[in-house]
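Worksheet for the structure shown next.
The values are calculated or read from the model by the stated rules, or taken from the named source; none is laboratory data. In this text, all values refer to a predicted model and were calculated from it rather than measured experimentally. When we count neighbours, we look across all protein chains shown, and the Cβ atoms used for this are built from the backbone with ideal geometry, even at glycine. These area figures cover heavy atoms from the full protein model, side chains too; ligands, DNA and RNA do not enter into them. Shrake-Rupley method; radii C 1.70, N 1.55, O 1.52, S 1.80 Å.
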Amino acid sequence: LDVTLSPNPSLTFRTIGGILDFYLFMGPTPENVVQQYTEAIGRPHMPAYWSLGFQLSRWGYNSLDVLKKTVDRMKHYDIPYDVQHYDIDYMERRLDFTYDKVNFAGLPEFMKEMKKNGKRNIVILDEEPGTYRPYELGQEMGVWVNNSDGVTPAVGQAWPPGDSVFPDYTNPRTVEWWTQLCLEFKDVLDYDGIWIDMNEPSNFMRGQIPGCADTEINNPPFIPTISDRSLAEKTLCPDSKTYLGDHYNTHSLFGWSQTEPTFNVVQQATGKRAFVLSRSTFVGSGKYGAHWLGDNFSLWKDLRRSIIGILEFNLFGIPYIGADICGFNYNTTYELCLRWMQLGSFYPFSRNHNSEGNIEQDPAVFGDDFAKISRATLRIRYSLLPYLYTLFYESHVHGGTVARSLMHEFTSDQETHGIDTAFLWGSAFMIAPVLEEATRSVTVYFPDAQWFDYYTVLPSAWKKSYVTVSAPLNKIPLYIRGGYILPQQAPATTTTESRLNPFGLIIALDEQGQASGSLFWDDGDSIDTIENENYFLAKYTFSEVSGNM
């Protein structure tokens with residue numbers, strides 16, 4: 001569909017056809033509306049504790065030796081780091097369910113060593129080329145999206161050499177095929193989660209797609225404003241056949257239908273809570289997976305826009321969300337990457353990732369000062385993981401947001417309605433990053449509440465006012481809202497270590513001398529601990545008047 005904004009003001013929706021359903025959710029607060037919405041579409045999944053740690057990725061390591069050097073320098077600077085992702089360069093000729101035994105010789109042993117050192121491993125899987133076992137098994141089981149004849153597999157091009165076919169995850173037989181291959185691959189590479197990509201579905205073919213006949217379903221009367229004026233642009237023909245019908249009607253369900261079986265097989269393979277990261281999502285995807293905001297650019301405008309994406313996906317019921325820290329495309333710069341590391345340290349899903357052919361951008365590659373600042377900021381994240389984990393518990397049980405806008409909490413304050421440069425973790429923790437180059441201060445709006453500077457723990461006199469605060473290169477402004485108690489824990493280099501450290505509480509009083517908060521705790525990765533009531537939940541209150549807690 002096309003959505004046009006007019007200065008009247010008005011919105012005009014134009015669709016290619018089909019049914020548009022509009023639902024009205026009512027509630028006293030935006031949080032209540034999101035809770036109603038996720039009650040209808042499915043509550044967000046409860047992520048493993050380790051998945052809230054910092055994550056590192058790159059398309060373009062191209063060899064295990066380069067990856068090892070990256071891991072070693074992260075260790076040298078003692079930068080918190082829990083998860084390593086493996087993009088398509090780990091594969092043999094970019095084929096799913098393989099690894100490159102030349103450039104990545106010793107990868108299975110390396111992944112086991114990473115796990116021994118308290119880290120986890122996430123492997124990427126894409127589409128399927130012909131002429132190797134996964135294809136032959138899929139052909140035998142009849143699992144592909146077919147052309148309009150319903151028999152011949154639809155063919156396109158993706159990362160592997162030659163032609164690719166497209167699994168139809170709405171077909172129960174495809175789920176069997178996918179489950180079998182993922183379980184077998186666990187015996188090859190000891191993964192902890194799966195990253196599913198290219199599942200729009202994506203097709204590198206442009207122009208006239210083979211098999212796309214000139215029919216009304218392939219060329220409807222109205223086509224949205226896309227580059228080649230074709231619904232098949234970089235995807236499949238609308239008249240391709242899936243188990244549920246025409247691709248025309250199921251296109252947006254491709255990634256969604258892949259996410260649930262991937263979630264289930266990861267839990268089956270690991271015996272632990274699943275990690276599934278999907279490029280393509282749809283209504284209800286948050287019940288089974290995480291999302292990242294796609295192939296952004298190493299530009300200051302993309303740094304700023306990422307906040308909007310984080311807030312939107314929390315409203316969509318997908319709170320485990322992040323953007324590629326430092327940018328995916330283009331070469332980053334020292335200052336941009338540093339400011340992005342500071343902001344990205346507070347994405348719910350915190351991962352540094354970039355593209356092949358660009359310079360390295362992990363937080364240990366820029367030298368001592370950069371590493372020291374990144375380490376300090378990530379240690380703040382790690383110290384507050386008990387609070388963040390508790391927010392995910394609340395989201396899983398009650399269906400609300402984890403990251404939210406100031407408007408979300410202060411709806412009646414008109415000043416908050418246009419603010420997209422600062423955001424909150426829950427109700428109590430404000431992040432106000434630097435989003436412009438060569439800037440050493442930030443103008444922050446403080447709604448009507450008591451606010452405490454995170455670094456000094458001193459109360460401010462700022463209420464319902466804009467204040468310009470200092471933000472030198474080594475600092476991201478952070479604030480705690482009065483009236484709340486935040487659980488914390490001494491940080492470490494991995495969550496495996498930090499979970500063994502002492503706990504603490506940050507008690508920030510409101511003007512009446514009151515504060516409250518909670519702490520959810522379990523073993524961090526067992527399946528269904530909440531449903532099985534195998535957890536600890538503490539609720540805290542503090543009153544300055546009585547001096548009791």
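So Val33 passes all but one of these: (1) touching a residue at least 12 places away in the same chain (Cβ under 8 Å); (2) within 23 Å of the chain's Cα centre (by Cα). Which condition number does it fail?
(1)
What are the pairs with Cβ atoms under 7 angstrom where one residue, in region 108-122, is closer than 11 Å to Asp82 by Cβ and the other, located anywhere, is at pLDDT 95 or above and among the basic types (Lys, Arg)? Sequence gap at least six, or different chains.
If the second residue must be at pLDDT 95 or above and among the basic types (Lys, Arg), the pairs left are Asn121/Lys115.
When region 341-394 is examined, which residues are found to be aliphatic (A, V, I, L, M), open to solvent by less than 10 Å² (accessible area, probe 1.4 Å) and farther than 15 Å from Leu303 by Cβ?
Result: Ala364, Ala371, Leu378, Leu384, Leu385, Leu388.
Looking at Leu406 and the list (1) buried (at least 22 other Cβ atoms within 10 Å of the Cβ); (2) out of contact with any Ser or Thr (no Cβ under 6 Å at 6 or more places or on another chain), which single condition is not satisfied?
Here Leu406 clears every test but (2).
Okay, residues lined up against (1) of a type outside the set (A, V, I, L, M, F, W, C); (2) touching a strand residue (DSSP E or B) at 6+ places or on another chain (Cβ under 9 Å):
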{"position": "Tyr191", "(1), (2)": "yes, yes"}
{"position": "Asn199", "(1), (2)": "yes, yes"}
{"position": "Cys212", "(1), (2)": "no, no"}
{"position": "Pro220", "(1), (2)": "yes, no"}
{"position": "Thr225", "(1), (2)": "yes, yes"}
{"position": "Cys237", "(1), (2)": "no, no"}
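Between a first residue in region 377-398 that is closer than 19 Å to Gly504 by Cα and a second residue that is assigned to a helix (DSSP H, G or I) and modelled with pLDDT of 95 or more, which pairs have beta carbons less than 6 Å apart while being 6 or more apart in sequence or on different chains?
Qualifying pairs under 6 Å: Thr377/Gln342; Tyr382/Ser498; Leu385/Leu52; Leu388/Leu52; Tyr389/Tyr49.
How many residues does region 288-301 hold that are crowded, with 18+ Cβ neighbours inside 10 Å and outside any loop (DSSP other than H, G, I, E, B)?
Qualifying residue count, region 288-301: 4.
Pairs only if they're at least six apart or on different chains, beta carbon under 6 angstrom, first in region 59-82 and closer than 23 Å to Leu125 by Cα, second at pLDDT 95 or above and polar (S, T, N, Q); list them, first residue then second.
Close Cβ pairs satisfying both conditions: Trp59/Ser355; Ser63/Asn103; Asp82/Thr494; Asp82/Thr495.
Looking only at region 522-549, which residues are open to solvent by 40 Å² or more (accessible area, probe 1.4 Å), under 18 Å from Ser395 (Cβ atoms) and in contact with a Ser or Thr (Cβ under 8 Å, 6 or more places away or on another chain)?
Of everything in region 522-549, those that are open to solvent by 40 Å² or more (accessible area, probe 1.4 Å), under 18 Å from Ser395 (Cβ atoms) and in contact with a Ser or Thr (Cβ under 8 Å, 6 or more places away or on another chain) turn out to be Tyr535, Leu537, Lys539.
Just to be sure I understand the filter: pairs with C-beta atoms under 6 Å, separated by 6 or more residues or on different chains, first member in region 503-528 and more than 18 Å from Ser427 (Cα to Cα), second member open to solvent by 40 Å² or more (accessible area, probe 1.4 Å). Which pairs pass?
Between residues of region 503-528 that are more than 18 Å from Ser427 (Cα to Cα) and residues that are open to solvent by 40 Å² or more (accessible area, probe 1.4 Å), the close pairs are Gly504/Gln488; Trp521/Phe536; Asp522/Tyr535; Asp525/Lys272.
Could you give me the residue pairs with C-beta distances under 7 Å whose first residue belongs to region 133-147 and is assigned by the TED database to the domain that holds Gln180 and more than 23 Å from Thr250 (Cα to Cα), whose second residue is open to solvent by 40 Å² or more (accessible area, probe 1.4 Å) and outside any helix (DSSP H, G or I) wherever it lies, and which are 6+ apart or on separate chains?
Every condition considered, no pair remains.
Hey, could you check region 492-549 for residues that are more than 23 Å from the chain's Cα centre (by Cα) and of a type in the set (D, E, K, R) and say which is nearest to Pro44 (Cα to Cα)?
Here the residue is Glu531.
Among the residues of region 313-329, is any over 12 Å from the mean Cα position of the chain (by Cα), open to solvent by 10 Å² or more (accessible area, probe 1.4 Å) and over 21 Å from Ile419 (Cα atoms)?
yes
Just give me the residues in region 440-490 being more than 30 Å from the chain's Cα centre (by Cα) and part of a loop (DSSP other than H, G, I, E, B), in sequence order.
Hits for region 440-490 are Asp448, Ala449, Gln450, Thr456, Val457, Leu458, Ser460, Ala461, Trp462, Lys463, Lys464.
Results for (1) within 24 Å of Phe263 (Cα to Cα); (2) touching a residue at least 24 places away in the same chain (Cβ under 8 Å); (3) charged (D, E, K, R); (4) not assigned by the TED database to the domain that holds Phe97, shown as yes or no for each residue.
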position	(1), (2), (3), (4)
Gln180	yes, yes, no, no
Glu200	yes, yes, yes, no
Phe204	no, yes, no, no
Arg229	no, no, yes, no
Glu233	no, yes, yes, no
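Within region 175-195, identify whether any single residue is over 14 Å from Val123 (Cβ atoms) and part of a loop (DSSP other than H, G, I, E, B), and answer yes or no.
no
For residues that are assigned to a loop (DSSP other than H, G, I, E, B) and surrounded by fewer than 20 Cβ atoms within 10 Å (Cβ to Cβ), scanning just region 124-152, find the one that is modelled with the lowest pLDDT.
Once the filter is applied, the top-ranked residue is Gly130.
So, of the residues in region 83-113 that are assigned to a helix (DSSP H, G or I) and open to solvent by 80 Å² or more (accessible area, probe 1.4 Å), which turns out to be farthest from Glu136 (Cα to Cα)?
Glu113
Quick check on this structure: which one of Arg229, Arg206, Arg304 is out of contact with any helix residue (DSSP H, G or I) (no Cβ under 6 Å at 6 or more places or on another chain), surrounded by fewer than 19 Cβ atoms within 10 Å (Cβ to Cβ) and not in a loop (DSSP other than H, G, I, E, B)?
When all the criteria are applied, what remains is Arg304.
Among the numbered criteria (1) in contact with a Ser or Thr (Cβ under 9 Å, 6 or more places away or on another chain); (2) part of a loop (DSSP other than H, G, I, E, B); (3) surrounded by fewer than 21 Cβ atoms within 10 Å (Cβ to Cβ), which single criterion is violated by Pro80?
For Pro80, the exception is condition (3).
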